[in-house]
Amino acid sequence: MRLSEISQKEIIDYQKGERLGVLGQTDLMIDEKTGHIEAFVIPTLKWFGLGKREKEVTVYWKQIKKIGTDMIIIEVK
């Protein structure tokens with residue numbers, strides 16, 4: 001599967017049923033020796049009071065449970 005084929009898929013947390021982002025908006029952690037994707041780094045934006053704070057969620061390849069036609073189901077522990 002090519003990255004271009006999965007770049008528009010939504011990433012969904014299986015446990016919470018929560019949308020974390022779209023794969024095309026994430027950063028990738030790639031093993032320099034093998035070229036394999038190790039993890040996705042998903043930026044999230046949370047509002048706290050009057051200000052906002054950014055946070056990142058790192059999803060490792062082994063946490064992916066299913067890649068479907070529209071979404072990627074992950075299990076974050």
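Read-outs: derived from the displayed coordinates by stated rules, not from any lab. The structure displayed is predicted, hence computed values, not measured ones. Heads up, the Cβs are rebuilt from the backbone with ideal geometry, glycines too, and the neighbour counts pull from every protein chain shown.
The stretch between Lys77 and Trp61, if pulled fully straight at 0.36 nm per residue, gains 4.4 nm over its current Cα-Cα span. Based on Cα contacts under 8 Å between residues 6+ apart, the chain shows a relative contact order of 29 percent. Cross-link pairs exceeding 20 Å in C-alpha to C-alpha distance, out of Lys55/Lys77; Lys9/Lys33; Lys33/Lys77; Lys33/Lys65; Lys9/Lys62, comprise Lys9/Lys33; Lys33/Lys77; Lys33/Lys65. Charging the Cβ of each Asp and Glu at -1 and of each Lys and Arg at +1, and nothing else, the dipole of the chain about its Cα centre rounds to 260 debye.
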